[in-house]
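Here, each number is a calculation from the coordinates, and none is a lab measurement. Source: prediction; values computed, not measured. Positions of Cβ are generated from backbone atoms using ideal geometry, with glycine treated the same way; all protein chains shown enter the neighbour counts.
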Amino acid sequence: MLNTVTNISLLFDKTLNLRSLLLFDYWAADNCMKRMKTICSIISRNIKHLKIRVKNLDDIKYILEHLEHLTSVTFEYAQILTINREDFIEFLATLTRISSLWDNQYALHVWLGNKKNIL
């Protein structure tokens, strides 16, 4: 697995014009947090738009907290997953960036702007 991650990271480093990335692993991994850490470690700063499948709200939070260079993210989730939208909206308010949200059937679309001015 380590060689795969290293090779993907090297590939992203050589494709500086790449701005959008779609990751669909069909919810294969059981250890979500390890999977999220691995995914976040390979996504280079030139990636601005991400579309990814998630297993839970913790996956979403982890991505938004660790990939601050993204300007938009679409989170797709399984039909059996219910995301408490109120909890998610409260979480968005805690981010240091301006954000907006569009909720679609089995997907959350998040647009992220500049850092908020905190006085």
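Of E86, E76, E65, which is the most mobile in a GNM of the chain whose springs link Cα atoms less than 10 angstrom apart? Maximum among the listed residues: E86. Length gained on full extension, K34 to Q79: 13.9 nm, using 0.36 nm per residue less the C-alpha separation. Across the range 71-76, rounded Karplus estimates of 3J(HN,Hα) from the backbone phi angles (6.51 cos²θ - 1.76 cosθ + 1.60, θ = phi - 60°) give 10, 8, 9, 10, 9, 9 Hz, Gly and Pro being marked x.
Under the criterion of Cα pairs below 8 Å and six or more residues apart, the relative contact order for the chain equals 21 percent.
Its Cα centre serving as origin, the chain has a Cβ charge dipole (Lys and Arg +1, Asp and Glu -1) of approximately 440 debye.
Our coupling estimate for the range 42-57, obtained by passing each phi through the Karplus curve with A = 6.51, B = -1.76, C = 1.60 and θ = phi - 60°, is 9, 7, 6, 5, 6, 6, 10, 10, 10, 10, 8, 8, 10, 9, 6, 5 Hz, Gly and Pro reported as x.
Restricting to DSSP H runs of at least four residues, report the calculated mean residue ellipticity at 222 nm for the chain, -39500 (n - 2.57) per run over all residues, nearest 500 deg cm²/dmol. Mind showing how you got there, number by number?
On the way: 4 runs with 44 residues, N = 119.
Result for the chain: -11000 deg cm²/dmol, rounded to the nearest 500.
Please identify which residues in the range 36-50 have an amide N closer than 15 Å to a label point set 7 Å out from the Cα of L16, following the Cα→Cβ vector. From the range 36-50, the list is 44-47. Between the exposed loop cleavage positions of the chain, defined as trypsin sites (Lys or Arg not before Pro) in a non-H, G, I, E, B DSSP state with at most 12 neighbouring beta-carbon atoms within 10 angstrom, the longest gap is 46-115.
Proximity of backbone amide H atoms, modeled 1.01 Å from N, is registered between T71 and H49 at under 5 Å, excluding neighbours fewer than 5 places apart on the same chain.
Rounded to the nearest 5, what is the percent of antiparallel bridges among the DSSP beta bridges in the chain? Counting only bridges with both partners in the chain, antiparallel ones make up about 55 percent.
Applied to the range 89-106, the Karplus parametrisation 6.51 cos²θ - 1.76 cosθ + 1.60 on θ = phi - 60° returns per-residue 3J(HN,Hα) values of 5, 4, 4, 4, 5, 7, 5, 8, 10, 6, 9, 9, 9, 10, 9, 10, 4, 6 Hz, with x for Gly and Pro. Shown here: Cα extents along the principal axes in Å, derived from the displayed model; of the candidates (1) 53, 29, 27; (2) 69, 46, 25; (3) 40, 38, 21, it corresponds to (3).
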